[in-house]
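The values are calculated or read from the model by the stated rules, or taken from the named source; none is laboratory data. This one's a predicted model, so the numbers in the text were calculated from it and none came from an experiment. FYI the Cβ positions are ideal-geometry reconstructions off the backbone, even for glycines, and counts take in every protein chain you see. Surface accessibility is based on the protein's heavy atoms, side chains included, excluding ligands, DNA and RNA. Shrake-Rupley method; radii C 1.70, N 1.55, O 1.52, S 1.80 Å.
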Amino acid sequence: MDIQDVSMVKFDEKGLVPAIIQEENGQVLMLAYMNEESLKKTIETGYTWFYSRSREKLWQKGESSGNVQQVKEISYDCDGDTLLVRVHQTGVACHTGTYSCFSGRRLGAHGKDVAVIPMEPETSLLKVLNDLYNVIQDRRLHPVEGSYTNYLFEKGQDKILKKVGEEAVETVIASKNMNKQDVLYEMGDLWYHCLVLLAFHNLTPEDLFTELMSRRKGGNYHKFTGKTGERPDM
């Protein structure tokens, strides 16, 4: 996108245009606003710049955190009043520490009751799982030499599934040996590899959380605790 193409963008009455920021893999990271100056700086520097409506000033994404966004492509929609910016994200996109600004904030899913996921405290299980998932996704998108996570993604689904199966068996063995510490250790490995599998399918811990919440609201938990032989709603 060249500088002259800015003329195709329709800024609103305040001189702003919404910009949807999208990672290279297609995942939406955030939404912010640009004015003509910040859009031109984005084009000129190759990194995202926005206009802060609250501070009434320009700001560069990652200027304090280091989580910069290298621009790969900028598109405008059919009406010219919305931008789509594809980027290479360094680190996480959200100031709260999540991979995407939309992580952990799901209202619901198609065909299911709306389940609002609250903001989690710093030490909650969902927060810990999200933090680990963010690292896994970052490795997937931005490979690091020697990373075990990258090794799994490079080998593909069969390797990931094999590891999930191996860790499940090792968890069973630890439990049969009545060794609580080993159960925790092996189950930690199992959960990690399950998160890798979620990332492989572009699913998130929030997707799993929403599934469980929908069962709770739908009264399906009895399928886990009913008569022997009943099949859980999997």
- Note on the structure: Taking Cα pairs closer than 8 Å and at least 6 residues apart, the relative contact order of region 1-87 in percent is 31 percent
- Note on the structure: So for R0 = 22 Å, FRET eff. of ASP12-ARG55 from the Cβ-Cβ r, to 0.05, ends up at 0.75
- Task: Excluding GLU186 itself, calculate the net charge of residues whose Cβ lies under 9 Å from the Cβ of GLU186, where each Lys or Arg counts +1 and each Asp or Glu counts -1.
- Result: -4
- Note on the structure: All alpha-carbon distances of region 1-102, grouped into 5 Å bins from 0, give the whole-percent distribution 3, 13, 26, 27, 19, 9, 2, 0
- Task: Estimate the FRET efficiency between MET178 and TYR148 by the formula 1/(1 + (r/R0)^6), using the beta-carbon distance for r and 41 Å for R0, to the nearest 0.05.
- Result: 0.90
- Spin-label pair ASN202/VAL128, simplified geometry with 7 Å Cα→Cβ offset, distance in nm: 3.0 nm
- Karplus couplings for region 205-210 from phi (6.51 cos²θ - 1.76 cosθ + 1.60, θ = phi - 60°), rounded to Hz, Gly and Pro as x? x, 5, 4, 5, 4, 5
- Message: From the phi angles alone, apply the Karplus equation (6.51, -1.76, 1.60; θ = phi - 60°) to region 141-154 and give each ³J(HN,Hα) in whole Hz, x where the residue is Gly or Pro.
- Response: 7, 10, x, 10, 4, x, 6, 5, 4, 4, 4, 5, 5, 5
- What FRET efficiency do you get for ASN25 and MET187 if R0 is 35 Å and r is their Cβ-Cβ distance, rounded to the nearest 0.05? 0.75
- Flagged links, alpha-carbon separation over 19 Å, of LYS10/LYS40; LYS14/LYS61; LYS40/LYS72; LYS10/LYS72; LYS127/LYS155: LYS14/LYS61; LYS10/LYS72; LYS127/LYS155
- Message: Run through region 121-206 and list the trypsin sites (Lys or Arg not before Pro) located in a DSSP loop whose Cβ has at most 12 other Cβ atoms within 10 Å.
- Response: none
- In Å and whole numbers, how far do the C-alpha atoms of region 15-61 stretch along each principal axis, longest first? 31, 23, 16
- Message: How large is the accessible surface of THR149 in square angstrom, using a 1.4 angstrom probe and rounding to the nearest 10?
- Response: 20 Å²
- The summed charge of the GLU63 Cβ neighbourhood (under 15 Å; Lys/Arg +1, Asp/Glu -1) stands at +4
